[in-house]
Amino acid sequence: MTKLQQWLLGVSLVVAVWAVVTFDLLDLRLSRTYREVAWPMPLYLLVSFGCYSLATVGYRLATFNDCEEAALELQQQIQEAREDLRKRGLNM
């Protein structure tokens with residue numbers, strides 16, 4: 001099962017449970033309070049997912065590792081390329 005299928009399955013289950021509780025599709029005779037709490041639940045979940053995503057990106061950005069060796073290697077390759085282009089007659 002791919003990651004997309006897992007996400008779609010999870011979202012489908014949440015939507016199905018939400019619809020059953022909100023619209024009382026199975027005639028569960030839930031009190032009005034449950035339906036009033038369930039109605040804005042997708043919005044709460046969307047805001048929670050946004051906060052989680054923002055926190056994850058912030059954390060990953062704060063703990064991002066610098067690659068000193070790779071940066072030096074890249075700068076050396078750029079210098080070599082410039083020298084090679086100068087030899088071939090390209091002026092920069």
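A short reminder: the numbers here are calculations on the coordinates, not readings from a lab. Note that the structure is a prediction, hence the values are computed from the model and not measured. When we count neighbours, we look across all protein chains shown, and the Cβ atoms used for this are built from the backbone with ideal geometry, even at glycine.
Brief remarks follow.
- Dipole magnitude for the chain: about 340 debye, using +1 per Lys or Arg Cβ and -1 per Asp or Glu Cβ, origin at the Cα centre.
- Acute angle (nearest 10 degrees) that the helix 68-87 long axis makes with the longest principal axis of the chain, alpha-carbon atoms: 50 degrees
- With respect to the chain, whose longest principal axis is taken over its alpha-carbon atoms, helix 41-62 is tilted by about 20°.
- In this simple spin-label approximation, GLU68 and CYS51 carry label points 7 Å from Cα along the Cα→Cβ vector, and these lie 3.9 nm apart.
- Dipole of the chain, positive direction: furthest Cα of CYS67, ALA38, THR56, with charges on the beta-carbon: ALA38
- Expected 222 nm ellipticity per residue - DSSP helices of 4 or more, -39500 (n - 2.57), all of the chain, to 500: -25500 deg cm²/dmol
- Stretched out straight at 0.36 nm per residue, the stretch from GLN76 to LEU25 would grow longer than its current Cα-Cα span by 11.7 nm.
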